[in-house]
Every structure is written in structure tokens, then in C-alpha cells.
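In what follows, a structure is listed as C-alpha cells, so that the remarks can point back to it.
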Amino acid sequence: MKNIAILCSGGDVSGMNPALKHFVEYSLQKDLTPYFVYDGFEGLIDNNIKEASYCDVAGIITRGGTKIGSSRSDRFMQEKYRKIAKQNLDNLNINMLIVLGGDGSFRGMDVFYKESGIKFCGIPSTIDNDINGTDYCLGVDTALNIIKTSIDAIRDTASSFKRAFVIETMGRDCGYLALISHLTSGSELCLIPEKEYNLKDYEDDFKTQMKNGRRYFIAIVSEGIKQDSQEIAEWFEKTIGIESRVSILGHIQRGGNPSIYDRLMAYKFVTHAVDGLVKDRDESVICYTKSGFEFKSIIEVTNKTKELDPELISSLTTDNV
Ligand code: F6P
């Protein structure tokens, strides 16, 4: 029997639990012994590594977050701790590791692989959808659905009260969640880090809309833009002349019942990752693009900032306002 382990690193996403469930079931089906590394790279260092069975994953497919915990590990950046991690894996005869995480986690694993020879496959998992080389990261669909439900609910109260709502989405430096939510929720304004803006460009149009009877505005702003959401709300109050509120969606975007799409993608990502490792693919990330699933090198995935679809960004033009 060969031993294979899985860990979650960085921000958790809905879809990690379905991935863990399929990991255990598929590994056993392939005559591999599955192991869980608890609390990310921290668990690798602290030897928090345990054999996993069907019982561990029963009933978790409906749950957001990750049953085995996650972490952002500063210690794993130091060689002395990576040596301990390698020893812990050696003691359990584990030489294949699946890492659910973002590009920072993959960079860490790349260094670890070069030092230790432990084979690994990364599964892009972040609600930010900011990993180069893959169109989709696990957790994004569930996060977008939570944002959609939140915006729909906020619209009800905004329209009842004649208010502007500034809704802040997560995404770190990437405006993907905000942009897609804007396009699919019909908001009046969307501000993302990838597109320069000047609120002045919207002033005349928004004032005219108010004169013509508009009762409310929905503005979706990404957390990485140059201004604080409160400043945007003040602009609505002072310049446009409408009472306004800020709603920072925050960590609710990361949790919740995983969508069907995330459950299915978890299944597919894990299948490819296990198959790749068994077939001796030593270090790669399993990516999903228009041409399907393909393994990409760590360099390709980590050395470039992901660019948003220019066609979608171009919808943010102020030419018509
Ligand atoms: O990377 C995922 C993410 O949720 C970002 O969108 C956000 O900026 C960050 O993590 C929040 O981190 P924390 O959970 O440490 O507050």
C-alpha cells in the first residue's frame, strides 16, 4: 500500500470538505492509504498527521470550511521546520501530498519539494480566483452565490428606504468577485483594483438618475481598491445627495453549504490530483481552463499575477454614463 496525504492551507473555502471526502474514498478505491494533515503546514511540522477513513468524512459534503483545519504558517518558511515536516512524513512513509490552497501555499510546497523530494499536487482553492493559469479555483462559485443572495437582500432594503448601499466584497488585490457580482446582480457601480476610476465620472449621470426618480443605488466595491468603502458612501451622501450605508460582507463569503458546482469541481480536482501523483507527476498544480483539466508547473502558476478577462473589465467603462 502506498501512502498519500492531503492538507488545506490559507483561507478556507466551501468545497474543501467535499474534496476531503472524495480524497479518502478515491484513495481507498485506488489501494492507497489516505492521511489527513491537520491545520495546514503547521500540522506537518507538529506531526498532526493521521490516517483517514470513511468515518472521518461521513456527512461532511454539506459543510463549508474544512474539517481538518487550515493555517497560514510562518514557520514553514524556515528550513529548519521544513526539515521536521519531511521527517514526520518519512516516519509515516508518505511521499505524495495534495495541497488545497493558493499560490503562496504552492510556492512554499515548491521549495519543500526541492529540498525533500516529496511529490505534491496543488489544487487551486481560494474564493479570490486569483491564481494564474486556472480559470477556476475551488470555492468561488459558493462565494459568488453567497454574495448574490446578500446583494438581493440588500436591494430589498435599499429600495424601501431610498438609500445607496456600498457593498464590499473580499478578493484581496483581485476584483473578480466584485466584477462578476456586478455583472450578475445589475448594480449601478463597480470598483475594482484592476480598473482606474474617478468618481467624478459618475456624478452627472447619477444626479440625473436621481432627478428622474431613481430610489436607490447599489455599488459593489472590491476590498483592494484605493479608497475605503466609507469614503464611497460619503461621496454618495455629499455629492449625489442620497443617504447611504456600507455593508462589508466579510467572512460570510468564505463559508456556507458548498454549491453543486463546487462539490463537482472538488470531485474532479481530487481525481486528477490523485491520478497525477500515482502516475509519478512530481510537482504540479491541477488547473481548469477552457480546454479542460491540465497540470501546470509551479512557475507558470506563481510567477505572474492573474489577469481578469479584459472583455468583462471593459464593461466598467464610464463612456455611457
Ligand atoms: O484569500 C482569501 C481571503 O478571504 C481574502 O479574500 C481576504 O483578503 C483574506 O483571505 C482574509 O484573510 P483572513 O481570513 O486572514 O482575515
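The values are calculated or read from the model by the stated rules, or taken from the named source; none is laboratory data. All values derive from a computational prediction rather than experimental measurement. Positions of Cβ are backbone-derived with ideal geometry, glycine not excepted, and every protein chain shown enters the neighbour counts. These accessible areas exclude ligands, DNA and RNA; they are computed on the full protein's heavy atoms, side chains included. Shrake-Rupley method; radii C 1.70, N 1.55, O 1.52, S 1.80 Å.
Which residues, counting only those in the range 220-254, are within 13 Å of the ligand (Cβ to nearest atom) and either in a helix (DSSP H, G or I) or buried (at least 18 other Cβ atoms within 10 Å of the Cβ) (or both)?
Once the filter is applied, which keeps residues that are within 13 Å of the ligand (Cβ to nearest atom) and either in a helix (DSSP H, G or I) or buried (at least 18 other Cβ atoms within 10 Å of the Cβ) (or both), the range 220-254 yields Ser222, Glu223, Gly224, Ile225, Leu249, Gly250, His251, Ile252, Gln253, Arg254.
For the range 259-269, give me each residue that is of a type outside the set (Phe, Trp, Tyr) and more than 16 Å from the ligand (Cβ to nearest atom).
Ser259, Ile260, Arg263, Leu264, Met265, Ala266, Lys268 - these are the residues of the range 259-269 that are of a type outside the set (Phe, Trp, Tyr) and more than 16 Å from the ligand (Cβ to nearest atom).
Taking the stated definitions as given, is Asp130 within 16 Å of the ligand (Cβ to nearest atom), assigned to a loop (DSSP other than H, G, I, E, B) and in contact with a helix residue (DSSP H, G or I) (Cβ under 8 Å, 6 or more places away or on another chain)?
Yes.
Against the definition (aromatic (Phe, Trp, Tyr), open to solvent by less than 20 Å² (accessible area, probe 1.4 Å) and over 26 Å from Ile61 (Cβ atoms)), how does Phe217 come out, yes or no?
In short, yes.
For the range 3-17, give me each residue that is under 15 Å from the mean Cα position of the chain (by Cα) and either part of a loop (DSSP other than H, G, I, E, B) or away from the ligand (no atom under 13 Å from the Cβ) (or both).
Ser9, Gly10, Gly11, Asp12, Val13, Ser14, Gly15, Asn17 - these are the residues of the range 3-17 that are under 15 Å from the mean Cα position of the chain (by Cα) and either part of a loop (DSSP other than H, G, I, E, B) or away from the ligand (no atom under 13 Å from the Cβ) (or both).
Here are some residues: Asp74, Asp56, Asp39, Asp46. Which one is open to solvent by 50 Å² or more (accessible area, probe 1.4 Å) and away from the ligand (no atom under 16 Å from the Cβ)?
Result of the check over Asp74, Asp56, Asp39, Asp46: Asp46.
Could we say that Asp201 is more than 16 Å from the ligand (Cβ to nearest atom), at positive phi, open to solvent by 10 Å² or more (accessible area, probe 1.4 Å) and in contact (Cβ under 8 Å) with a residue 40 or more places away in the chain here?
Answer is no for this residue.
Let me confirm something: among Val285, Val274, which residue is closer than 23 Å to Ile98 by Cβ, assigned to a helix (DSSP H, G or I), open to solvent by less than 40 Å² (accessible area, probe 1.4 Å) and modelled with pLDDT of 95 or more?
Result of the check over Val285, Val274: Val274.
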